Amino acid sequence: MAGTEERAGHLPVNPTKIIDTRMLDALSVEAAATPRLRKNFNFHPHESAPANRLLNAIEPDSYVQPHRHLDTAKDETLVVLRGAVGLVVFGEDGSILHHAVLRAGGGAIGVDIPSATWHTFVALEPGSVIFEAKAGPYKPLERAEKASWAPGEGDPTALAYLERLNNLFRLELAD
């Protein structure tokens, strides 16, 4: 459907959004052009929607501070549509409990992260795009949801920390 349709006696219907290579390419170009090296495309109509569904294009060298979602309704599901990302799960003290390469078309393509789980992910290939879903409404992370044991975004030590995270995946990527 090209635009909004109106049916007799019904409210307008939003157009179907096809997730195709053209959409992923455009989003990746936008991500590469942003200072944070990532870009979202939201499918949910507004921030207060009860379900948040989005594409997240992320480029190598984009730093996502380790975080958790304390709201018990905010389990988070990620599926890699293109490229590869490294998932890192942490203990309360910042120790690494688990890490895995998630790759589109690979053996592991996604993850379901329970609420209150410390996690982050790193882009392992240019043009990586993931699909994310979690309960809404959207609200920015609170202080208790950001890892105090990891640098914040924009912190001068963030790139060195990101490099340590990337090193977790170097051997796996070499295979």
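The values are calculated or read from the model by the stated rules, or taken from the named source; none is laboratory data. Fair warning: this is a prediction, and the values are worked out from it, not measured in the lab. A quick note on method: Cβ atoms are made from the backbone with ideal geometry, for glycine too, and the neighbour counts reach across all protein chains shown.
Starting from residues that are under 14 Å from N42 (Cα atoms) and at pLDDT 90 or above, keep the ones in segment 10-25 and report whichever is nearest to the chain's Cα centre (by Cα). Here the answer is L24. Residues that are outside any loop (DSSP other than H, G, I, E, B), over 15 Å from the mean Cα position of the chain (by Cα) and touching a residue at least 12 places away in the same chain (Cβ under 8 Å) within segment 116-150 comprise A144, E145, K146, listed in sequence order. For segment 122-139, filtered to residues that are in contact with a Gly (Cβ under 6 Å, 6 or more places away or on another chain) and among the hydrophobic types (A, V, I, L, M, F, W, C), the residue that is surrounded by the fewest Cβ atoms within 10 Å (Cβ to Cβ) is L124. Going through (1) over 18 Å from I109 (Cβ atoms); (2) surrounded by 15 or more Cβ atoms within 10 Å (Cβ to Cβ); (3) out of contact with any Lys or Arg (no Cβ under 8 Å at 6 or more places or on another chain) one by one, Q65 falls short only on (3).
Listed by first and then second residue, the pairs linking a residue in segment 29-42 that is under 17 Å from V85 (Cα atoms) to a residue that is of a type in the set (S, T, N, Q) and in a strand (DSSP E or B), with Cβ atoms under 6 Å apart and 6 or more places separating them unless they lie on different chains, are N40/N56. Within segment 68-97, if we keep just the residues that are out of contact with any Gly (no Cβ under 7 Å at 6 or more places or on another chain) and farther than 24 Å from N52 by Cβ, the residue that is surrounded by the most Cβ atoms within 10 Å (Cβ to Cβ) turns out to be I96.
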